[in-house]
Amino acid sequence: MFRRTIFALLLAAPSAAVMGQGQDKGDWAVAQMPNGCMVEAVSPQGTMLSIWAFAGQPRLAFLLQNKGWNALQDGRSYKLSLDFVGTATAMPVDATARQNIDADGPGFLFTVQPGGDAAKSFLNAFTSAEGMRISQDGRSFDTLPLAGSRGAMGVLAKCLAEKWHSAAAAPSDDSSDDDDQPAKASPTV
């Protein structure tokens, strides 16, 4: 079993702040951080999807942003439906609204912890669907094309494995600092 806890959550930093050396993967941009990695894609309607993680942590963070979503109430929990176009899969997601993230606009944040049946279904649908329709109470926000998502997630996993390996090879510092721990998030698929 490849380490189940390879993925993590980065809540505080906006995407522009963590984008370091990036490269394009089809319609997906890939970036590395000191101890994590990120992939991003943008829909024709301007919705940005960012997926990021820290090596050695248990969750992937998904952030959906759009400049037109100003009506979102910061910190409020929203029940979203993610319908995966071209598959029979639709997933309910509890997402937290974030109003003041960065120039890409307000958005919805949720996390996925790989390993469980629901997460496996989500990730399989995400990497095999033609698109992901985001809606709430029957109202569609946008449909993101998912072409290249399987390759992007593969690049993300490889990047995280390299970060994990680098961290394991680095000399250990016995001093513990609680501020170095990633923030925990409750919205999870």
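Okay, here's what the table says:
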| item | result |
| --- | --- |
| Apportionment of accessible area to carbon and sulfur, region 29-179, percent (1.4 Å) | 48 percent |
| Net +/- balance of residues flanking GLN136 in space, Cβ distance below 15 Å, scoring K and R +1, D and E -1 | 0 |
| Probe 1.4 Å - accessible area at VAL85, Å² to nearest ten | 40 Å² |
| Net charge over other residues, Cβ less than 11 angstrom from the Cβ of LEU49 (K, R count +1; D, E count -1) | -4 |
| For region 121-154 and region 76-118, distance of Cα centres in Å | 10 Å |
| Å² of accessible area per residue within region 25-79, as computed with a 1.4 Å probe and no ligands counted | 42 Å² |
| Neighbour-limited loop hits for chymotrypsin sites (Phe, Trp or Tyr not before Pro), region 54-86 (at most 13 other Cβ within 10 Å; DSSP other than H, G, I, E, B) | none |
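The values are calculated or read from the model by the stated rules, or taken from the named source; none is laboratory data. The model shown is predicted, which means the values in this text are computed figures rather than measured ones. Note that we place each Cβ from the backbone using ideal geometry, even for glycine, and neighbour counts take in every protein chain shown. Keep in mind that these areas ignore ligands, DNA and RNA; they rest on the heavy atoms of the full protein, side chains included. Shrake-Rupley method; radii C 1.70, N 1.55, O 1.52, S 1.80 Å.
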